[in-house]
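Written out below as structure tokens is the structure these notes cover.
The values are calculated or read from the model by the stated rules, or taken from the named source; none is laboratory data. Predicted, not measured: the structure shown is a model, and the values here were computed from it. Note: ideal-geometry Cβ built from the backbone for every residue, glycine included; neighbour counts use all protein chains shown.
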Amino acid sequence: MFKSAVVAMLLVVTCVAVSARADDTGAAAAVAKNVEALRAAMVAGDEKQLNALTDDHLTYGHSHGMLQNKAEFVKFLVGPKAPGKFNWIKISNQTVTVVNSHIAWVRHTFDAQNEEPSGKITKAHIMLLQVWLKEKGDWKLLARQACVPD
């Protein structure tokens, strides 16, 4: 009887652990999907998508020290003469870590080509840390910090 109870308990614990891991995998995939959607929205200067993918309390840190809130971040990327206009962005070496059911963080390498309002073309090669928050079923960017790699 005791042996059967122990085996049953181990099966329950194993099932719960496997279920939790499957939930993390699904959450990680959902976060990665939104990271890609944000990348595409940044290149397109898509105001609607940028607003939809970012939390109202966004703090967005650039590698040179500039900090932006959500409104400043969106304005920086939208419009034909936007100061942050991207021609392309490539993300590589990405990892997504789900902390719990509503918080995840992402690290990746960010390579990009910018076009300044003057027409000058610049390139960026930086490392990013993003914090994503799940609210009302959607993952939104809450914080982002960039640094220049060694």
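Exactly one of these conditions fails for Asp55: (1) touching a helix residue (DSSP H, G or I) at 6+ places or on another chain (Cβ under 8 Å); (2) assigned to a helix (DSSP H, G or I). Give me its number.
(2)
Confirm whether Lys81 is surrounded by 16 or more Cβ atoms within 10 Å (Cβ to Cβ) and at pLDDT below 95.
no
Does the range 58-80 hold any residues that are closer than 12 Å to Leu141 by Cβ and assigned to a helix (DSSP H, G or I), and which are they?
Correct list: Lys70, Phe73, Val74.
Go through (1) of a type in the set (A, V, I, L, M); (2) free of Cβ contacts under 8 Å to residues at least 24 places away in the same chain; (3) crowded, with 16+ Cβ neighbours inside 10 Å for Val99 and report which single condition fails.
Val99 satisfies all of (1) of a type in the set (A, V, I, L, M); (2) free of Cβ contacts under 8 Å to residues at least 24 places away in the same chain; (3) crowded, with 16+ Cβ neighbours inside 10 Å except (3).
Being of a type outside the set (Gly, Ala, Ser) and either over 15 Å from Ala30 (Cα atoms) or at pLDDT 95 or above (or both) is the filter here; which residues of the range 136-150 pass it?
Asp138, Trp139, Lys140, Leu141, Leu142, Arg144, Gln145, Cys147, Val148, Pro149, Asp150
Considering (1) part of a strand (DSSP E or B); (2) modelled with pLDDT under 95; (3) hydroxyl-bearing (Ser, Thr, Tyr), say which one Ser118 fails and leave the rest.
Condition not satisfied by Ser118: (1).
Scan Ala71, Ala5 and give me the residue that is farther than 23 Å from His125 by Cα, at pLDDT 95 or above, hydrophobic (A, V, I, L, M, F, W, C) and out of contact with any helix residue (DSSP H, G or I) (no Cβ under 8 Å at 6 or more places or on another chain).
Being farther than 23 Å from His125 by Cα, at pLDDT 95 or above, hydrophobic (A, V, I, L, M, F, W, C) and out of contact with any helix residue (DSSP H, G or I) (no Cβ under 8 Å at 6 or more places or on another chain) holds for just one of Ala71, Ala5, which is Ala71.
With Ala104, Ala143 as the choices, which residue is closer than 18 Å to Glu36 by Cβ, of a type in the set (A, V, I, L, M), touching a residue at least 24 places away in the same chain (Cβ under 8 Å) and surrounded by 13 or more Cβ atoms within 10 Å (Cβ to Cβ)?
Among Ala104, Ala143, only Ala104 is closer than 18 Å to Glu36 by Cβ, of a type in the set (A, V, I, L, M), touching a residue at least 24 places away in the same chain (Cβ under 8 Å) and surrounded by 13 or more Cβ atoms within 10 Å (Cβ to Cβ).
Take Thr109 and tell me if it is of a type in the set (Ser, Thr, Tyr) and either under 17 Å from the mean Cα position of the chain (by Cα) or crowded, with 17+ Cβ neighbours inside 10 Å (or both).
Judged against the criteria, Thr109 is a match.
Mind counting the residues in the range 30-54 that are acidic (Asp, Glu) and under 18 Å from Glu116 (Cα atoms)?
Qualifying residue count for the region: 1.
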